[in-house]
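Following: one structure in structure tokens, then a few remarks.
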Amino acid sequence: MNIYEVIREETASFGNKTAVIDGAYSVSYAELLASSDELAPMLKEAGVKRYDRVALLCCDSAEYIIASLSLLSIPAVVVPVSAEHTEDEIQEILERMSADWLFFESGVYGREGGDEGEKIKVSRGEFQLLGREGGQTVDGRYYEINPAFIRFSSGTTGTSKGIVLSHEAIYERTSAADRGLHITQDDTVLWVLSMSFHFVVTILLFLRRAATIVLCGRPFPEALVDGIRKMKGTFIYASPFHYNLLAGSDLLAPDSMRNIRMAVSTAMKLPANIAEKFCSVFGLELTEAYGIIEVGLPFINLSVDRDRRSSVGRALPGYEVDIVNRDVHGTGEIHIRGAGMLDAYFSPWQGRESILHNGWFHTGDLGSMDEDGYLTIAGRDKEVINFTGMKVFPHEVESVINIFPGVRESLVYVEDHPQLGQLPAAKVVLQDESAPHFDPDDLRKFCYKKLAQYKVPKVFEIVCQLKKTASGKIRR
């Protein structure tokens, strides 16, 4: 199987339909596939071979999609690299994933190839292809699983292992996700996220269903506002950060979302205050999704019940969930199995058989499930703070801090204590950095009203910003 050929077959009758709109530039499905087909022989002639690992470094654009499809068609293996990564981070990815090639858009990489890199035209842009010596011996099983992608994860809590996905896994997980998203050729998808971190389940699904993808990331929020008003978008795929800015923008009228049938919130936990703010402004409930790169998109909260806003919904058809080692409150470890699970970890190599336990993937997340099967995420197992034997979940505390007037965002973390073991502490970013009247004691009193005493941070530190990963998540 080859996912590129699947897209070609499934869009065969939609050649004249617009596939991607990138600013003033648009490309039909026939043109998109033709551009990919034109690029593939050039890459092959330069030396790219079947299952070579090609690190793709490119800004979000129509060219990013063309380059990815072309590589998949060879079939080479795409290793996405974010343009937001530092040079040291890029080098780490290249070494850890033993990249055979670096294929990058001219101007986005600090160490340009010069005469060494072969220059290749990709639609409107110029790219360079640099050959590399592999950094490590590749496990022979890699060549047996029909690999398509190796995703170097965002690394919020630890070192990435490189998640290997086969063409078959991508087909399975995009099909499974669509049982909740229901994408059709009538959809106009408004896209603002980084393709380096959000491509496999979403962009490839949108293409399979012949939807029109409107790239709205730059300039933000103006491009997204145009997508909503002028392009009459029907589907938004964004993060809570984006929805919070939309809700606070004076560029959109309250009825602006009338054409939007679904606005999916992903990439991080959806704070209750942002969900309430967005709904109160536009009258549209955000749809929270729970995605895991090793698994896919197993949960989408399709309920419009406000009381279920804190949940990520019920498992989509094709997935099972189990809550293991529950505490007295019903919170335990989240295990999932189903369609499109990862095929391996690349570095160090671990095959699916050693990662999954009877088909179950141990997510590392903690959560609880109600009698109707709705899952609520409490946080990461590694992030739980043990205060004199009582569990403190940082996300729960942050959701309270973030609704206090004047607070933009927060990070709850652990401080070791010689007698009490661990204490919760918090870093807080204000809406107005120069706010002269903000009193941390007022925030502390507010938290005591909303949380059990042991959950309230013992220290509140006002900071200018929180460290983020390249995908925009808070680095913990």
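Just so it is clear, none of the values below were taken in a lab; they were calculated from the coordinates. Just so we're clear, the structure is a prediction, and the values are computed from it rather than from any experiment. A quick note on method: Cβ atoms are made from the backbone with ideal geometry, for glycine too, and the neighbour counts reach across all protein chains shown.
What is the sum of charges around ILE334, taking Lys and Arg as +1, Asp and Glu as -1, for the other residues whose C-beta is under 13 Å from the C-beta of ILE334?
Neighbour charge sum, excluding ILE334 itself: -3.
Taking neighbour Cβ counts within 10 Å as the exposure measure, how do HIS182, HIS437, HIS198 sort from fewest upward?
HIS437, HIS182, HIS198
How big is D, in µm² s⁻¹, for region 323-468 by Stokes-Einstein at 37 °C and 0.692 mPa s if Rh is the Kirkwood radius over C-alpha pairs? Please list the in-between numbers first.
On the way: Rh = 17.5 Å.
The estimated diffusion coefficient comes to 188 µm²/s.
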| task | Please arrange CYS216, CYS464, CYS447 by counting, for each residue, the other beta carbons lying within 10 Å of its beta carbon, fewest first. | result | CYS464, CYS447, CYS216
| said: Run the reach check for LYS121 against lysines, Cα to Cα strictly under 28 Å, same-chain hits fewer than 8 apart removed. What comes back? | reply: LYS17, LYS44, LYS49
| field | Dipole-positive endmost among ALA210, ALA30, TRP349 within the chain (Cβ charges, Cα centre) | value | ALA210
| For region 30-41, Karplus couplings with θ = phi - 60° (6.51, -1.76, 1.60), whole Hz, Gly/Pro x | 4, 5, 4, 5, 5, 5, 5, 5, 6, 6, 4, x
| remark: Cross-link reach from LYS468 to aspartates and glutamates, straight Cα distance under 13 Å and at least 8 residues apart if same chain, gives GLU84, GLU409
| query | Between exposed GluC sites (Glu not before Pro) in the chain, where DSSP calls loop and at most 16 other Cβ atoms lie within 10 Å, what's the longest gap? | reply | 134-370
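Which number comes out as Rg/Rh for region 169-382 once both Rg and the Kirkwood Rh are worked out on C-alpha atoms? Don't skip to the answer; put the middle values down first.
Values: Rg = 17.6 Å, Rh = 18.0 Å.
Looking at region 169-382, the ratio lands at 0.98.
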| task | For LYS467, list the lysines whose Cα falls under 19 Å from its own Cα; do not include residues on the same chain fewer than 8 positions away. | result | LYS269, LYS382, LYS427
